[in-house]
Amino acid sequence: MHPPEIELNELDGIIERHKNGKWELIPLLQDVQATYGYIPPESITPIAEALNLYPSQVQGVVTFYSGFSLKPKGKYVCRVCRGTACHVKGSRSILRLMKRELELEEGETSPDYRFTLETVACLGACFLAPTMMINRDYFGKLSPTKLSSVLGEYRQKGNNKNG
Amino acid sequence: MDKLSSIGQLEWFRSRILFRKEKGIIEVHVCMTGCRAYGAAGVLEALNQEVKSQGLSKQVEIRSTGCHGFCAKAPVIAIEPMGIQYQEVEPDDAGDIVMKTLKENRMIDRLAYHAPKTFQPVFYRNQIPFYAKQERRVLANCGRIDPTNIEHYIAAGGYRALIKALSNMGPEQVIDEVQAAKLRGRGGAGFPTGLKWKFASQSEGRPKYVVCNADEGDPGAFMDRAILEGDPHAVVEGMLLGAYAMGSEYGFIYVREEYPIAIDHLNIAIAQAEELGLLGENILGTGFNFNLSLRLGAGAFVCGEETALMASIEGRRGMPRARPPFPAQAGIDGKPTNINNVETWANVPLIVNNGAGWYGEVGTENSKGTKIFSLAGKVNNTGLVEVPIGTTVKDVIFNIGGGIPKGRQFKAVQMGGPAGGCVPAQFLNLSIDYDTVQSIGAIMGSGGMVVLDENNCMVEIARFFLSFTQSESCGKCAPCRLGTTQLLEILTRITRGEGRMEDIDTIRELGQTLTEASLCGLGQACPKPALSTLRYFINEYEDHIKEHRCAGAVCDSMVISACQHACPAGIDVPNYVAAIADGEYEKSVEIIRERNPFPAVCGRICIHPCEYKCRRGELDQAVAIRALKRMASDWYFKNIGPQRNPFPVNKKEKIAIVGAGPAGLTCAYFLVKMGYKTTVYEAQSVAGGMLGIAVPEFRLPRPVIEEEIQYIKIVVLKSCTTHRLMPNTHSTTYSTRDTVPFLLPPVPRPASTSVYPAKTKTSQEFTTALIF
Ligand SMILES: Cc1cc2nc3c(=O)[nH]c(=O)nc-3n(C[C@H](O)[C@H](O)[C@H](O)COP(=O)(O)O)c2cc1C
Ligand code: SF4
Ligand code: SF4
Ligand code: FES
Ligand code: FES
């Protein structure tokens, strides 16, 4: 399957909003990432031109920060916490289970662009370790049972066209 | 709302809020920050609906607040002014809460905290031991005010410090006060804040910048998140005071993108402050200008380092650079810049409001005030803890934290994350302050405390941190780029059971090089987790290297499975449990007997170390390995019985075993299985040894032992005879030329005891249970 089609003309609006400010490259890229779920490689040149930078400078920033991705991601980005607190409370097993459930390795996106599996250093919810985040929602005290019920919900949401 | 154009107007605004506030309202404070990860939103909604449907909207206010601290029991709510705290609340509880507690002032047992030993419910927050030793100063508003409503902050006395500074204090006076308070940076390094401000204020150049470091990089720490989410205006006010003191007109808050709620609350706080004229031009008509904006991190740990952070704000790759020049001389855009941590900023309004004298009432000589710690890992009361600096480790982990769950042993607490080290059990009485913690090889750090228990492997923890720093190293300087990779490789090797003793020295040497030669703090501090575990847990390293043994049963390549690793008999637990899951009970018993001929006995009386190490137990409950064994073997004896063909004997050597206890019988069982002819001697009239003598009937019924022994007798029947052996028989009786003796004399002896009445002094008048 192909990644969901994207409307590149939204890019102009984003660039417009940022191009006159100071030090706007990263905020601009964050907007692009939030809008498309990734930084479309074809957007790099227009961004560089608008900000008076070399494309290589933009590329350099994109690749430096793990928050930016040059590849499209799934509709639901699952980020399993691999921070210390979660680690000592068994997040290795949670990650293993997620890999098995989603049939994905770390950093991979499912062929139907529904799920992406990532890890994150800490979500700041260590008191509920082990934790994960799906898009902007946090989940804590994960156990195998809890995990499958959470994933079940998202699978259903995904099946539901409006969801 | 119009802008407040003078200090008087802000005071007027505050009195208006307080005046309008209706008296006698009951407030329900629902933690809607961290607890959202455990269903707080549903609770909030249900409470709102209940209050409406039970007609209490006028008398009750349901308020979304920040963290109450006792996060382990999420979702947590508090009911004020009564001071009631409920925990682990579910949406279905809303009806009861409104009906019973709010309407009739009756307490709900099931939602209360229960004291660990007595199981008595504790309804009032100030009686819960978790809060008793805390001193909640910086967190005073957290969990009480709605962080998205500036009026709440103002009503609670917010922006009073700003008023005080703008009206009564010159910029130098503010700096002097902060200096007198001996406030030290809460971001990790502990540099005196007042001094840093002085440098920035003396520095030439315009504009000047102040920055709040909200990158909270230590994985396992969440103090900053809680402050930003629960009381964002405290940070804004702190920055306003700093800006006023240093003469800065622009501020940035650099916050991690992984904290969406914090970002929302900060955006709201900034917008509301701007709207009231507390940020922007000509603040409160005093001519003071300060603009504050947010910058989001993009997932790079190294951006918490101040020079990297500034590069990132400028839109570049977040790589550290050499200092000097320090940010105070040349920071953002080459202009003077002052960076402080979230918690540092949040301390400032307290100091300005109450004075350095009050501030210094708690703390130690060199580190004043309180520090917030985030307690996580293997501790009962995970959550946010604010205590005077100088509180002991024991107080924090045991008295406040409630000790280690599941009755396990405390091993160490990791402080300071990837730049810190561990504080092992022998330092429980250590005072937690910057200098003391540093003296034992850890650091107080930003306040993350991750508690480790006996099931954690210290080598693996060191490896874990190194893999973190290795992947987060920006790669700018060679010592760090290559050194972290090297260190990680060595530690990985050791956890794989492929380590060499020389590796330990290599780690120490490499560590030293990294500390001396790296450009920034990431590289300089990254060997600490390894060095500190080497210092206190060298035996674990040696076990891994020499014996391929991992006491925590964590390291995959030397531990096939944690349960099997922990079982003294080395039973293949995963396979026998899987066989039971498939309904193949007979096969399961066969698998157990590969290593242990007593499945029914061990299914009852084994202390099941396997279950303590079971990895599922880290997540919720350990698999009931022992009970499964009992169930399978009971099924076996009921449906198949002890009958079975004896093992064939095909070797010529003969073996004599003395003692028909569990060990002797097991020995006979496996020797006959291997084909040796075996004779067992026993002094008692029955076989079974201590099983039958020492274990009480209610724990291990005799028929179970008999059945099990009968099975052993049958399979070893032809080749194994038992002889009654009289005490003190000479060893030659059973040792002939072609017989190899195995001596298994009675192991358990009566323990000597000191409870004899003082005068007798001897044990002669007493008969100990074992002999009897
Ligand atoms: C690799 C690295 C990461 C850091 N991460 C943070 C961080 O996440 N938050 C923080 O406040 N300080 C962090 N620091 C410390 C900052 O460089 C700086 O010392 C601190 O923000 C100063 O504030 P303070 O004096 O108020 O503590 C980090 C330092 C290093 C070397
Ligand atoms: S020490 Fe490491 S993180 Fe710091 S500048 Fe050098 S390579 Fe980068
Ligand atoms: S119950 Fe005892 S004998 Fe059985 S697997 Fe666990 S430790 Fe081994
Ligand atoms: S370590 Fe997982 S949320 Fe902090
Ligand atoms: S009580 Fe809710 S996050 Fe701490």
task = Answer yes if at least one residue in the range B:659-677 is farther than 21 Å from B:G603 by Cα and at pLDDT below 85, and no otherwise.
result = yes
ask   = Within the range A:112-132, is there a residue that is at pLDDT below 95, over 25 Å from B:E257 (Cα atoms) and away from every other protein chain (no Cβ under 14 Å)?
value = yes
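Scan A:L128, A:L151 and give me the residue that is touching a Leu at 6+ places or on another chain (Cβ under 8 Å) and surrounded by 14 or more Cβ atoms within 10 Å (Cβ to Cβ). Step through it out loud before you land on a result.
Values: A:L128 fails: touching a Leu at 6+ places or on another chain (Cβ under 8 Å).
None of the other options fit; the residue is A:L151.
Condition (residue is of a type in the set (A, V, I, L, M), under 26 Å from A:N135 (Cβ atoms) and either under 32 Å from the mean Cα position of the chain (by Cα) or at pLDDT below 95 (or both)) applied to the range B:13-36: is it met by at least one residue?
Pass one, the range B:13-36, residues of a type in the set (A, V, I, L, M): B:17-18, B:25-26, B:28, B:30, B:32.
Restricting the remaining residues to those that are under 26 Å from A:N135 (Cβ atoms) gives B:30, B:32.
Next, only the ones that are either under 32 Å from the mean Cα position of the chain (by Cα) or at pLDDT below 95 (or both) stay: B:30, B:32.
Taking every residue of the range B:13-36 in turn, at least one turns out to be of a type in the set (A, V, I, L, M), under 26 Å from A:N135 (Cβ atoms) and either under 32 Å from the mean Cα position of the chain (by Cα) or at pLDDT below 95 (or both).
Given the residues B:L292, B:L276, B:L266, B:L284, which is the only one that is in contact with a Phe, Trp or Tyr (Cβ under 8 Å, 6 or more places away or on another chain), modelled with pLDDT of 95 or more, within 29 Å of B:F199 (Cβ to Cβ) and more than 16 Å from ligand 3 (Cβ to nearest atom)? Show your work before the answer.
Working: B:L276 fails: within 29 Å of B:F199 (Cβ to Cβ); B:L266 fails: in contact with a Phe, Trp or Tyr (Cβ under 8 Å, 6 or more places away or on another chain); B:L284 fails: in contact with a Phe, Trp or Tyr (Cβ under 8 Å, 6 or more places away or on another chain).
Exactly one residue qualifies, and that residue is B:L292.
Only residues that are out of contact with any Leu (no Cβ under 8 Å at 6 or more places or on another chain) and surrounded by 21 or more Cβ atoms within 10 Å (Cβ to Cβ): list them for the range B:609-623, please. Lay out the reasoning, then the answer.
Of the range B:609-623, the ones out of contact with any Leu (no Cβ under 8 Å at 6 or more places or on another chain) are B:609-618, B:620-623.
Scanning the range B:609-623 gives B:C610, B:E611, B:K613, B:C614, B:E618.
Yes/no matrix, rows are residues, columns are (1) crowded, with 17+ Cβ neighbours inside 10 Å; (2) in contact (Cβ under 8 Å) with a residue 60 or more places away in the chain:
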| residue | (1), (2) |
| --- | --- |
| B:Q470 | yes, no |
| B:C474 | yes, yes |
| B:C480 | yes, no |
| B:R493 | no, no |
| B:I507 | yes, no |
| B:T513 | no, no |
| B:S532 | yes, yes |
request  = Taking the residues in the range B:259-307 that are assigned to a loop (DSSP other than H, G, I, E, B), of a type outside the set (G, A, S) and under 21 Å from B:G188 (Cα atoms) as candidates, determine which candidate is nearest to ligand 5 (Cβ to nearest atom).
outcome  = B:Y259
request  = Sort out which residues of the range B:269-293 are of a type in the set (A, V, I, L, M) and crowded, with 16+ Cβ neighbours inside 10 Å, and write them in order of number.
outcome  = B:A269, B:I270, B:A273, B:L276, B:L278, B:L279, B:I283, B:L284, B:L292
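From B:A622, B:A627, B:A578, B:A660, grab the single residue that is assigned to a loop (DSSP other than H, G, I, E, B) and more than 29 Å from B:F742 (Cα to Cα).
B:A622
Do any helices (runs of 4 or more DSSP H) lying entirely in the range B:149-226 carry at least 2 residues that are under 14 Å from B:N341 (Cα atoms), away from every other protein chain (no Cβ under 14 Å) and touching a residue at least 60 places away in the same chain (Cβ under 8 Å), and which ones are they?
So the answer is B:193-202.
Rundown of residues vs (1) away from chain A (no Cβ under 14 Å); (2) in contact with a strand residue (DSSP E or B) (Cβ under 8 Å, 6 or more places away or on another chain), yes/no style:
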position: B:E274; (1), (2): yes, yes
position: B:L278; (1), (2): yes, no
position: B:T286; (1), (2): yes, no
position: B:F290; (1), (2): yes, yes
position: B:L296; (1), (2): no, yes
position: B:C303; (1), (2): no, yes
position: B:A308; (1), (2): no, no
position: B:A311; (1), (2): no, no
position: B:R316; (1), (2): no, no
ask   = Considering only the range B:1-21, how many residues are touching an Asp or Glu at 6+ places or on another chain (Cβ under 9 Å) and either of a type in the set (F, W, Y) or under 30 Å from B:G95 (Cα atoms) (or both)?
value = 1
request  = Scan the range A:41-89 residue by residue and report those that are within 16 Å of ligand 2 (Cβ to nearest atom) and away from chain B (no Cβ under 12 Å).
outcome  = none
ask   = For B:G242, all conditions in the list (1) within 14 Å of chain A (Cβ to nearest Cβ); (2) small (G, A, S); (3) touching a strand residue (DSSP E or B) at 6+ places or on another chain (Cβ under 6 Å) hold save one; what is the number of the exception?
value = (1)
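The values are calculated or read from the model by the stated rules, or taken from the named source; none is laboratory data. Every value quoted in this text rests on a predicted model; they were computed, and no experiment measured them. No Cβ is skipped: glycine too gets one built from the backbone with ideal geometry, and neighbour counts run over all protein chains shown.
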